[in-house]
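Readers should treat all values here as calculations from the given coordinates under stated rules, not as data from a laboratory. Because the structure is a prediction, the values reported are computed rather than measured. Note that each Cβ is placed from the backbone with ideal geometry, even for glycine, and that neighbours are counted across all protein chains shown.
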Amino acid sequence: MTTIRPVSPAMAAAHAGAVRAAALLAPAGTRFGSGAPLGGWAALAGVPDSQETARRERIGLGAVTSVPVLAALLGLPHGLPVPVAALSDRERRALAAAPAGCVDRGPDGIVRQARPPLAPALAVVAATRGWRAGLERAGRFAPFCARAIVLDREPRDLLAACVEADFYGVGLVLARPASLEVLVAPEPHQVRRISARSWWFAEQVHQAIITRDERTEAGAP
């Protein structure tokens with residue numbers, strides 16, 4: 001049985017500050033969620049692929065989070081048939097485990113239908129244990145998206161915090177109860193290529209958005 005630990009008021013305020021910062025820093029057309037895909041909570045933002053998300057909603061396909069499945073999908077051209085005989089045993093096993101809606105099977109072979117549901121845009125970490133620890137946690141997201149950390153008070157060595165954040169390309173935001181101050185803007189993320197791991201992260205952000213939407217519909221805080 002999983003024990004749900006209550007979130008302290010201070011932690012809840014820190015998370016709320018991260019969500020506010022994500023809404024401020026993320027590009028237009030972004031949708032938001034939160035989660036801990038890399039082992040630490042963060043506010044997550046992504047720009048959806050409207051056609052893919054509409055397709056998934058239509059057929060009831062949620063997030064696809066199996067890395068072996070995503071790796072096998074990535075090995076197939078999107079929308080073009082690949083003969084089953086051309087696939088390795090590992091690829092056949094992975095595709096057999098793919099959720100319905102990822103591929104179509106026809107007389108000419110297997111056709112990949114799934115693609116990343118969004119482009120990850122930003123991860124914002126609540127630096128509740130100081131800016132140095134926040135920078136370390138934000139570094140986990142470096143391969144996937146732009147990053148920022150949020151502080152609830154001005155650091156003692158403000159210059160050092162700004163210099164290090166800027167050096168690593170991490171945004172630094174000071175969250176006050178009624179305002180946000182961007183001390184360092186996050187460095188834009190350069191997408192070099194889609195890998196199974198980057199697709200996996202996009203699915204994690206997609207899942208965070210789905211979960212947030214479901215909680216909102218249910219009236220949960």
Dipole of the chain (Lys/Arg Cβ +1, Asp/Glu Cβ -1, origin at the Cα centre): which of 8, 184, 148 lies farthest to the positive side?
-> 8
Using DSSP, restrict attention to beta bridges with both residues in segment 132-221 and report what percent are antiparallel, rounded to the nearest 5.
-> 50 percent
Relative to the present Cα-Cα distance, how much length would full extension add between residue 211 and residue 105 at 0.36 nm per residue of separation?
-> 35.1 nm
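Filter the trypsin sites (Lys or Arg not before Pro) in segment 76-168 down to the DSSP loop ones having no more than 14 other Cβ atoms within 10 Å, then list what survives. Show your work: numbers first, answer last.
Values: sites: 90, 92, 93, 105, 112, 129, 132, 137, 140, 147, 153, 156; in loops: 129, 153, 156.
Qualifying residues, ordered by number: 129, 153, 156.
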Each label sits 7 Å from Cα toward the beta-carbon; between residue 12 and residue 158 the label points are separated, in nm, by 3.0 nm
Mean Kyte-Doolittle of at least -1.0 and a Cα length of 27 Å or more along the axis: which whole DSSP H helices of the chain meet both?
-> 196-217
Per DSSP H run of at least 4 residues, take -39500 (n - 2.57); add these up for the chain, divide by its residues and hand me the 222 nm value, nearest 500 deg cm²/dmol.
-> -12000 deg cm²/dmol
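For residue 28 and residue 185 in one chain, what is 0.36 nm times their gap in residues minus the Cα-Cα distance, to one decimal in nm? The partial results should precede the final answer.
Details: separation 157, 0.36 × 157 = 56.52 nm, distance 1.61 nm.
Length difference between fully extended and current span is 54.9 nm.
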Note the full-extension length gain between residue 80 and residue 54 as 0.36 nm times their separation in residues minus their Cα-Cα distance, in nm to one decimal.
-> 7.3 nm
Run the numbers on the chain and let me know its relative contact order in percent, using alpha-carbon pairs under 8 Å that are six or more apart.
-> 24 percent
DSSP-defined beta bridges in the chain - what % are antiparallel, rounded to 5 | 65 percent
